[in-house]
Amino acid sequence: MTINIQRARTFVETTGTALDRARLVALLDGVVPPTLPEAIQALQNPDGGFPVGLVVGRPSALSPTALALTWLRDLQQIESPEAERALAFITARQAPRGIWREHPEVLQFDPPPWMDPDSTPADIYTTALCANTLAVLGDDELPVDIAVAWLQTQQARDGLLTGFRAHSSWLAVPAFERILGQETRATRRLIAGLGANLSPEWSPAMLAWMLQSLLDAHYTRRTELLNRAWLMLTDAQQPDGSFAAEEGEDPVQTALQALDVARRLQRNG
């Protein structure tokens, strides 16, 4: 089974922003825009990060910077000066023991729980997110190595990271794979935990995001977890090409992630 790529494409074309459409064309057609979309250039702060809530004028934070880097990746602009500055921002914010934590100044903007600088579950999530970003898009293994060492101390008995269990765990997979490899006990426990946790209650956005992480970690259709999640995602596509969204989820973002997964699976067989 696969998703209907043309329907998903039409959904993004008709409901997405100019940035969404540029990402779509780069993903499916390989057409890279001659210049970065204004939406990205206008948002990036002088320190290289992207602002809380993606609102111009606010201070930079780790989560929106990681998100913006996924846009640059879709646009095939990961070697651009903007991407290099964003990666440098994330690297510079790592604490000596390997943790990434949002700056307390984000609290004035009522951030979501996974950005709370006073929360250990948020520390785990943010560290997994930043380690993922650097493992997939960066060249320096040292910050990823230090982060993975700390994240291993946060694995529960079922193999998942504590806190935001599913999200943090799938985000950590590419970092674990890069530093430890797929066959080590810690990585295998992470995958097994995700497999046990996967259920019909997962939203398409969760499925697509996890699938991207698994592909980033070089897992293939030979992996049961990847196959199960892919079948669940294809079953979730709506007649208009979109995927059902829960509160707070962006259906266009999910469609773009699903298209990225479909493209990579087609390419890799």
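Only one of the listed residues (Leu256, Leu198, Leu171) is touching a helix residue (DSSP H, G or I) at 6+ places or on another chain (Cβ under 8 Å) and under 16 Å from Asn4 (Cα atoms). That residue is Leu256. For the list (1) among the aliphatic types (A, V, I, L, M); (2) within 19 Å of the chain's Cα centre (by Cα); (3) surrounded by fewer than 14 Cβ atoms within 10 Å (Cβ to Cβ), I need the number of the one condition that Leu214 fails. The one condition Leu214 does not meet is (3).
Quick check, is Ile78 within 29 Å of Gly16 (Cβ to Cβ), assigned to a loop (DSSP other than H, G, I, E, B), touching a helix residue (DSSP H, G or I) at 6+ places or on another chain (Cβ under 6 Å) and among the aliphatic types (A, V, I, L, M)? Judged against the criteria, Ile78 is a match. None of Ala135, Ala149 is closer than 24 Å to Leu72 by Cβ and modelled with pLDDT of 95 or more except Ala135. Looking for something within 24 Å of Asp29 (Cα to Cα) and aliphatic (A, V, I, L, M) - is there at least one such residue anywhere in region 192-204? The answer is no; no qualifying residue exists. None of Leu36, Leu87 is without any contact (Cβ under 8 Å) to a residue 60 or more places away in the chain, over 16 Å from the mean Cα position of the chain (by Cα) and surrounded by 15 or more Cβ atoms within 10 Å (Cβ to Cβ) except Leu36. Within the set Leu62, Leu67, Leu129, Leu134, the sole residue that is of a type in the set (A, V, I, L, M, F, W, C), within 15 Å of the chain's Cα centre (by Cα), surrounded by fewer than 22 Cβ atoms within 10 Å (Cβ to Cβ) and closer than 20 Å to Ser169 by Cα turns out to be Leu67.
Condition check for Ile179 on (1) over 23 Å from Ala68 (Cβ atoms); (2) out of contact with any helix residue (DSSP H, G or I) (no Cβ under 6 Å at 6 or more places or on another chain); (3) part of a helix (DSSP H, G or I): one failure, at (2).
Taking the stated definitions as given, is Glu13 free of Cβ contacts under 8 Å to residues at least 12 places away in the same chain, in a loop (DSSP other than H, G, I, E, B), of a type in the set (D, E, K, R) and surrounded by fewer than 21 Cβ atoms within 10 Å (Cβ to Cβ)? Step through it out loud before you land on a result.
On the way: free of Cβ contacts under 8 Å to residues at least 12 places away in the same chain: yes; in a loop (DSSP other than H, G, I, E, B): no; of a type in the set (D, E, K, R): yes; surrounded by fewer than 21 Cβ atoms within 10 Å (Cβ to Cβ): yes.
No, not satisfied.
The single condition among (1) farther than 21 Å from Arg101 by Cα; (2) out of contact with any strand residue (DSSP E or B) (no Cβ under 7 Å at 6 or more places or on another chain) that Ile3 does not meet is (2).
For region 27-46, a residue qualifies if it is modelled with pLDDT under 95, of a type outside the set (Ser, Thr, Tyr) and not in a helix (DSSP H, G or I), and the qualifying residues are Gly30, Val31, Val32, Pro33, Pro34, Leu36, Pro37.
The values are calculated or read from the model by the stated rules, or taken from the named source; none is laboratory data. Because the structure is a prediction, the values reported are computed rather than measured. With ideal geometry, Cβ positions are generated from the backbone for all residues, glycine too; neighbour counts draw on all protein chains shown.
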